[in-house]
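K.L.:
This is the structure I want to talk about, given as structure tokens.
The values are calculated or read from the model by the stated rules, or taken from the named source; none is laboratory data. Keep in mind that what you see is a predicted model, and the values were worked out from it rather than measured. As a convention, Cβ positions derive from the backbone with ideal geometry for all residues, glycine included, and neighbour counts pool all protein chains shown. Surface accessibility is based on the protein's heavy atoms, side chains included, excluding ligands, DNA and RNA. Shrake-Rupley method; radii C 1.70, N 1.55, O 1.52, S 1.80 Å.
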Amino acid sequence: MTAREIAFQVLLRVDAGGAYASRALDAALASAGALDPREAGLATELVYGTLRRALTLDAALAPRSQRALGALDPAARTALRLGAYQLLYLGTPAHAAVGETVALAKRADHGRAAGYVNAVLRALARDPRPPEPPPLDSDPAGHLALAEALPRWLAEEWVAWLGPEQALALARAMNQPAPLTLRAPARDALVARLRAAGIAAEPTARSPDGVGVQGASVAAVARAAGGAPFQVQDEAAQLVTLFAAGDLRGRQARVLDACAAPGGKAFHLAELLAEGSEVVAVELHPRKADALAREAARRGLPVRVVCADAARPIPGLEERSFDAVLVDAPCAGLGTLRRHPELKLRRRPEDLGRMADLQRAILRSMARYARPGAPITYSVCSLSRAEGPEVARALVADGWRRAPNPPALPADLLDGDGDLLALPSRHGTDGFYAARFVGS
């Protein structure tokens, strides 16, 4: 298969089947067999670029399409976006961008939409420019929405929360590829191994357990590591763990991790604590809980997995028995748009309030398991006021007290309330929010 064929199939699965782009692309590349690295790279660029810029592509296509993009067959919509991305952002010659995209549409739906795709893309090819956004100073949300392909409601939210300039920087950062970041219990030794193998590796700027890698795949890192343990994990996710329990490093403790799959924070907690400690990882979904338990056993980490609903009391779990509780709550995932750009097309404003209600319910349920005075940390990999700051303020209004932050946390990670706020535009990480409270 060619790069364009792979990209088209992946994008169609994302649009019509609700797949996550990262998983669908990994599966497609694996099934393609021995693929030239340049083709694999182009397929990756086409998938992620098309999704990152989809809303701007739609705006460029709309004047040339007699039908609304949302009303088109998924194959036609996918083909139009894929062709438009090549024309507007990659500078692909029209004969390749249009001709090969039309051929993909022909094979996908027996040619029904191919003529329409051909006509629309040829019209775009005559003037292949993205639409001009309104000025930032007069319509900041409109500028973000069109220039950086954000839903208008999300652009309005970021502008209202962060101000126009910071919101624009955040939107731009979300359209860049995410770096490969690792976590390792013996960080410096892993860096030395990778460098000895010719891999560009550096300690992360803020997490003492993180490693940034450039120009190498996870498979190449694993070969160079020679069995040394590591896990792929964004630096901000590592910082959330340290925010929750960094002051317990090297101590024997019991820590509860709610909503724990896929296990990165639970495993990090287990690596931080002294021998004889226990991490209890609560996960609602049986398949995810089983996978988490298997991985913990493979790594030899003291993580006990409980399959249960964290919004309800956990059978058999003793109340007021944990030295720290981490609730890494289900959320809209708006801090992960670099890795999951399809969320721009799926999330709706009403999702935020629904998620915030669930987050509050889980926090109130899990608080019972913290010892008196133990920290209860709330975190989300999302960036909005409804998820994060407003949840924290509602808890304070209900009588929750904020806990002191652990020592040695970089000051540039803290917002005006002393809560953790990691942004790709400031810190080069995924977007995360976290707040610490104290058990009563």
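K.L.:
Could you list, in sequence order, all residues of segment 236-263 that are in a helix (DSSP H, G or I) and closer than 22 Å to Ala374 by Cβ?
P.N.:
Matches in segment 236-263: Ala237, Gln238, Leu239, Val240, Thr241, Leu242, Phe243, Ala244, Ala245, Gly246, Asp247, Leu248.
K.L.:
Do any residues in segment 191-209 that are under 20 Å from Thr241 (Cα atoms) have Cβ atoms under 6 Å from those of residues that are at pLDDT below 95, where the two are at least six apart or on different chains, and which pairs are they?
P.N.:
Filtered contacts from segment 191-209: Arg206/Pro410.
K.L.:
Out of Arg81, Arg77, Arg23, Arg67, report the one residue that is surrounded by fewer than 16 Cβ atoms within 10 Å (Cβ to Cβ), assigned to a helix (DSSP H, G or I) and not small (Gly, Ala, Ser).
P.N.:
That would be Arg23, the only listed residue that is surrounded by fewer than 16 Cβ atoms within 10 Å (Cβ to Cβ), assigned to a helix (DSSP H, G or I) and not small (Gly, Ala, Ser).
Residues checked against (1) open to solvent by less than 20 Å² (accessible area, probe 1.4 Å); (2) in contact (Cβ under 8 Å) with a residue 12 or more places away in the chain; (3) under 18 Å from Ser384 (Cβ atoms); (4) touching a strand residue (DSSP E or B) at 6+ places or on another chain (Cβ under 8 Å):
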position	(1), (2), (3), (4)
Pro131	no, yes, no, no
Pro135	no, no, no, no
His143	no, yes, no, no
Ala147	no, yes, no, no
Ala171	yes, yes, yes, no
Gln176	no, yes, no, no
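K.L.:
So if I check each of Arg339, Arg401, Arg348, which one is of a type in the set (Lys, Arg), surrounded by fewer than 18 Cβ atoms within 10 Å (Cβ to Cβ), out of contact with any Lys or Arg (no Cβ under 8 Å at 6 or more places or on another chain) and closer than 30 Å to Leu51 by Cβ?
P.N.:
Arg348
K.L.:
Kindly provide the set of residues from segment 285-294 that are touching a Pro at 6+ places or on another chain (Cβ under 8 Å), within 21 Å of Pro229 (Cβ to Cβ) and open to solvent by 30 Å² or more (accessible area, probe 1.4 Å), ordered by number.
P.N.:
Ala291
K.L.:
Out of the residues in segment 114-124 that are free of Cβ contacts under 8 Å to residues at least 60 places away in the same chain and open to solvent by less than 30 Å² (accessible area, probe 1.4 Å), state the one that is farthest from Leu146 (Cα to Cα).
P.N.:
Ranking the qualifying residues of segment 114-124, first place goes to Ala114.
K.L.:
Quick one: what pairs do we get from segment 226-243, first residue without any contact (Cβ under 8 Å) to a residue 60 or more places away in the chain, second open to solvent by 10 Å² or more (accessible area, probe 1.4 Å) and of a type in the set (Asp, Glu), C-beta under 7 Å, 6+ apart or different chains?
P.N.:
Close Cβ pairs satisfying both conditions: Gln238/Asp209.
K.L.:
So which residues in segment 269-284 are open to solvent by 30 Å² or more (accessible area, probe 1.4 Å), acidic (Asp, Glu) and touching a residue at least 24 places away in the same chain (Cβ under 8 Å)?
P.N.:
Passing the criteria: Glu271, Glu278.
K.L.:
When you look at Arg304, is it open to solvent by 70 Å² or more (accessible area, probe 1.4 Å), closer than 18 Å to Ala367 by Cα and modelled with pLDDT of 95 or more, yes or no?
P.N.:
No, not satisfied.
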